[in-house]
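The numbers here are math on the coordinates, done by the rules we state, and not lab data. The structure presented is a predicted model; accordingly, all values stated were derived computationally and were not measured. Glycine also receives a Cβ, built like all others from the backbone with ideal geometry; neighbour counts cover every protein chain displayed.
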Amino acid sequence: MSVSAADHDAPGQGRRVVTQVESLSSLVGGHPDALRKIFGAGKATDPAELGESPRGRLLAIAAGADVFLLFRPLLRGASEYGLLPWRGKTFDHGGNSGQNVVLGRKLARFHAEVGPSHLDGRPALALTYDLPAYGNPWPLRAVRDELRTVAPGIAIGPAIFTESLPTTLLWFGLEAR
């Protein structure tokens with residue numbers, strides 16, 4: 001992440017810093033609050049912008065927000081050396097469905113459509129795993145991934161557990177190859 005500009009909001013609102021995303025790698029280990037702000041400034045992802053098989057990166061564990069500095073080096077190292085099993089997603093059928101790529105295998109089919117984000121109500125590409133035909137096990141059926149494009153070919157979002165009170169589990173990103 002790099003700070004690219006500062007501008008003024010409405011009078012009396014103070015300054016707002018605009019963050020420019022240079023690469024998906026620069027977001028690995030980011031604080032969940034910072035990732036949420038970057039996500040909030042993005043636009044609903046069009047899967048065509050990412051291609052059929054974008055590379056994925058785990059960016060942050062939401063539950064670790066209070067101690068993220070302890071986990072940040074571990075997450076960055078595991079990500080840099082390819083130690084995490086999740087590699088990204090594939091999109092098919094014109095981007096309205098796809099699967100996760102785990103250790104080179106396609107698993108966990110999802111349905112994709114633009115809808116309101118659980119975080120702020122603004123449009124996001126929602127990936128849901130609960131269609132009966134997909135045969136995904138619980139608790140995956142209760143997970144909803146959301147994506148917003150934050151730079152050309154780069155989308156980030158939360159994985160949210162949706163049963164009872166929606167809870168953000170982690171932040172992830174996809175980058176066109």
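Only helices enter the 222 nm calculation for the chain: every DSSP H run of n ≥ 4 contributes -39,500 (n - 2.57), and dividing by all residues gives -4000 deg cm²/dmol, rounded to 500.
With neighbours defined as other Cβ atoms within 10 Å of a residue's Cβ, the residues 164, 53, 26, 117 order from fewest to most as 164, 26, 53, 117. A straight Cα-to-Cα reach below 16 Å connects residue 43 with the aspartates and glutamates 113, 120, 145, 146, 175, residues fewer than 8 places away in its own chain not being considered. Where [x] 1.00; [y] 1.06; [z] 0.97 are the candidate values, the label of the one calculated here for Rg/Rh (Cα atoms, Kirkwood Rh) is [z].
For residue 89, the lysines whose Cα comes closer than 17 Å to its Cα, not counting residues fewer than 8 places off in the same chain, are 106.
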